[in-house]
1. So in segment 7-40, with the set limited to residues that are outside any helix (DSSP H, G or I) and either polar (S, T, N, Q) or in contact (Cβ under 8 Å) with a residue 12 or more places away in the chain (or both), which one is surrounded by the fewest Cβ atoms within 10 Å (Cβ to Cβ)?
2. I'd like the residue in segment 120-134 that is crowded, with 19+ Cβ neighbours inside 10 Å and in contact (Cβ under 8 Å) with a residue 40 or more places away in the chain and, out of all such residues, is nearest to residue 220 (Cα to Cα).
3. Among the listed residues 72, 17, which satisfies the condition of being farther than 29 Å from residue 199 by Cβ, in contact with a Cys (Cβ under 9 Å, 6 or more places away or on another chain) and modelled with pLDDT of 95 or more?
4. Against the condition assigned to a loop (DSSP other than H, G, I, E, B) and either of a type in the set (Asp, Glu) or surrounded by fewer than 16 Cβ atoms within 10 Å (Cβ to Cβ) (or both), how does residue 201 come out, does it pass?
5. Considering segment 204-226 alone, what residues qualify as being among the acidic types (Asp, Glu), closer than 23 Å to residue 160 by Cβ and open to solvent by less than 50 Å² (accessible area, probe 1.4 Å)?
6. Which pairs do you get when a residue that is in contact (Cβ under 8 Å) with a residue 12 or more places away in the chain, found in segment 148-161, comes within reach of a residue that is in a strand (DSSP E or B) and of a type in the set (D, E, K, R), reach meaning Cβ atoms under 7 angstrom, with the pair 6+ apart or on two chains?
7. Picking from 221, 233, which residue would you name as being in contact with a Cys (Cβ under 6 Å, 6 or more places away or on another chain) and either charged (D, E, K, R) or not in a strand (DSSP E or B) (or both)?
8. Identify all residues within segment 48-68 that are within 9 Å of the chain's Cα centre (by Cα) and open to solvent by 20 Å² or more (accessible area, probe 1.4 Å); write none if there are none.
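The values are calculated or read from the model by the stated rules, or taken from the named source; none is laboratory data. These numbers come from a predicted model, not from an experiment. Glycine gets a Cβ as well: all are built from the backbone with ideal geometry, and neighbour counts include every protein chain shown. In case anyone asks, the SASA skips ligands and DNA or RNA and just uses the protein heavy atoms, side chains included. Shrake-Rupley method; radii C 1.70, N 1.55, O 1.52, S 1.80 Å.
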Amino acid sequence: MSNQLKQLKQTWRLCGSVANAFKGKVRTALGIRKPTKTCQIPELKHIVDETFLEKQDRVFVEVGAYDGERFSNTSWLADAGWRGLYVEPSKQFSRWCRLRHMLNRVTVLNVAAGSEDAKATLQQIGSLSTMSQATFEEYDRITWAKQQVAKECKQQQTEVLRLDRILADQKIPRSFDILVVDVEGYEENVFSGFSLSQWKPKLIIVELCDIHPDFQDNRELVESARRVRQTILDAGYREKYADSINTVFEVEETSASVTATNNRIAA
């Protein structure tokens, strides 16, 4: 691809991010409040509406933001007025994300979340970008991923900070509303630098490959995902929704609170 064509493609993507910023606000003004079409959790709107019955000042954190629109679990919430924090290690993608949410109450950080403060290499592969070497090697084997790896992959050095530090620096409140972790096999590193007992988000949405059929032969990735799943369950959460890649966890006390609220409304 020529440099001129690459520049044209970049400009097109930047313009698309700005257009999506205005489209999101228009949809919200028209009363259209639902996730993007590329959101991979069909039940997400129902889950969010059921969990957060009262209109309050809500806060979400999304680790692995990509461009802030495609495959996003939270762009519609940001458009609706939620305060948000996006963590994205790619310089390119974080720029797109800032433009996408230029009209929203969000902060976009161009860093990665990990087990310790350090530097690391990001394999930038579009929506499959990862800092997990095992995942990168697996993507180079899987049919639906390897073409994207061959076409788009480039390396980038990025700063890594513990999620505990990121949240504290950004003054995210304890028991904030939604945490999303979408980091393509790097989940265990993220949760190793994050104290669930301290922050206790009400909902956690995380990509875990332990039940995905395409990853079952990779014991390293499957076992890592299982450890993350068990860590969350042991911290007092239950699985509210699960498919082959996404799991939504709800803190048990939130479930009890919602039940009590529903009982009061019924009465």
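1. Restricting attention to segment 7-40, the residues satisfying the condition of being outside any helix (DSSP H, G or I) are 30-40.
Of the ones still in play, those that are also either polar (S, T, N, Q) or in contact (Cβ under 8 Å) with a residue 12 or more places away in the chain (or both) are 33-36, 38-40.
Values: 33: 14, 34: 13, 35: 19, 36: 18, 38: 11, 39: 18, 40: 17.
Looking at the filtered set, the residue picked out is 38.
2. Restricting attention to segment 120-134, the residues satisfying the condition of being crowded, with 19+ Cβ neighbours inside 10 Å are 122-125, 128-132.
Subsequent filtering for residues that are in contact (Cβ under 8 Å) with a residue 40 or more places away in the chain retains 128-132.
Values: 128: 18, 129: 19, 130: 15, 131: 15, 132: 11 Å.
The residue in question is 132.
3. On the way: 72 fails: farther than 29 Å from residue 199 by Cβ.
Within the list 72, 17, the selection yields 17.
4. Values: assigned to a loop (DSSP other than H, G, I, E, B): yes; either of a type in the set (Asp, Glu) or surrounded by fewer than 16 Cβ atoms within 10 Å (Cβ to Cβ) (or both): no.
So residue 201 does not fit the description; no.
5. Applying the first criterion (among the acidic types (Asp, Glu)) to segment 204-226 yields 207, 210, 214, 217, 220, 223.
Those left that are additionally closer than 23 Å to residue 160 by Cβ: 207, 220, 223.
Matches in segment 204-226: 207 only.
6. 157/119; 159/119; 160/119
7. Details: 233 fails: in contact with a Cys (Cβ under 6 Å, 6 or more places away or on another chain).
One residue alone meets the criteria, 221.
8. 66 - this is the single residue of segment 48-68 that is within 9 Å of the chain's Cα centre (by Cα) and open to solvent by 20 Å² or more (accessible area, probe 1.4 Å).
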